[in-house]
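Taking it in order: structure first as structure tokens, then the write-up.
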Amino acid sequence: MTGRSGRLLVFEGAEGVGKTTQIRRLCQALAERGIRYLGVREPGGTAIGNEIRRLLLEPGRDMFARTEALLFMASRAQLVEGDIRAALDRGELVIADRFFLSTYAYQIAGRGLPENEVISANRFATGGLVPDLTILLRLSVDAALARADSRGSRDRIEAADDEFHHRVAAAFDLFADPAWQRRHPEAGLVVAVDAAGSEEAVAASVMSVLGKTWPETFRPTVGSHP
């Protein structure tokens, strides 16, 4: 973490894999133990980002793929400059519900946008910020969409066809491959966690990853309390 004292932890995965639930559990554990953190989500997290979120997710809205990608990255740029960098400079753990791997999965793999152009635009949006760790929650497409449907009607992204969601899921699977990570150093370390089990079992797996990655923070404090 050159030049900063905090850490950026990202939770990624397709729709319905349980990111929000696991982030909530982790934040509760951190708060109980007095560990400073900032929780953020994409798109959103700032006044501008929340307006962009509404535009992106409102069902029935027609939008070109390039427009969609740039809106996601505009929200990200505002969040990084407005909140994330300041928290990292304060030495806090930043926990992000999605970051740029979602753009790689949804807009490059899902929408078919050119990889090099999206990666360059994302580098501009983030100012080159690299996550310290990304926990990738993995679940079958059918199970994940069933979970998403249980929450209510689908948003604009969730309402895409099954082929789109299969492309997105395949991309997320690829991100866990060490060879892919070596070709994409901007992604940092990505560790996959099976999200098919119970909420408690997945939380235990998440804590195991955190304990192995940052034992000085997690093993003596929250490692035994998933």
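Just so you know, all these numbers are worked out from the coordinates, no wet-lab data involved. Predicted model only: the values in this text are computed from it and were never measured. As a convention, Cβ positions derive from the backbone with ideal geometry for all residues, glycine included, and neighbour counts pool all protein chains shown.
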Quiz item: What does the charge add up to near Glu92, with Lys and Arg as +1, Asp and Glu as -1, over the other residues with Cβ less than 13 Å from its Cβ?
Solution: +2
Quiz prompt | In Hz, Karplus ³J(HN,Hα) per residue of region 29-34 (6.51, -1.76, 1.60; θ = phi - 60°; x = Gly, Pro) | solution = 5, 5, 5, 4, 9, x
Self-check item: 5 angstrom amide H check on Gly45, placed H, neighbours 5+ away
Solution: Asn50
Quiz item: Once amide H atoms are built 1.01 Å from N in the peptide plane, which residues 5 or more positions from Gly39, or in another chain, come under 5 Å H to H?
Solution: Ile95
Quiz item: Quick one: Karplus J couplings for region 133-139, per residue in order, coefficients 6.51, -1.76, 1.60, θ = phi - 60°, nearest Hz, x for Gly and Pro?
Solution: 7, 10, 9, 9, 7, 10, 8
Quiz item: Taking the Cα centre of each part, how many Å lie between region 1-43 and region 164-198?
Solution: 18
Practice problem: Could you go through region 120-128 in sequence order and give the Karplus-derived ³J(HN,Hα) for each residue, using 6.51 cos²θ - 1.76 cosθ + 1.60 with θ = phi - 60°, rounded to whole Hz, and x for Gly and Pro? | Solution: 5, 5, 5, 4, 5, 5, 8, x, x
Exercise. Please sort by residue number the trypsin sites (Lys or Arg not before Pro) in region 29-65 whose DSSP state is loop and whose Cβ has at most 13 other Cβ atoms within 10 Å.
Key: Arg33, Arg36, Arg61
Practice problem: Please give the contour-minus-distance gain from Ser120 to Thr20: 0.36 nm per residue of separation, less the Cα-Cα distance, rounded to one decimal in nm. | Solution: 33.2 nm
Quiz item: Considering amide H positions built from the backbone, and no H for Pro or chain starts, which residues 5 or more places from Val193, or on another chain, come under 5 Å of its amide H?
Solution: Leu136, Leu137, Arg138
Quiz item: Gaussian network model of the chain, Cα springs within a sub-10 Å range: biggest mean-square fluctuation belongs to which of Arg182, Arg138, Arg98?
Solution: Arg182
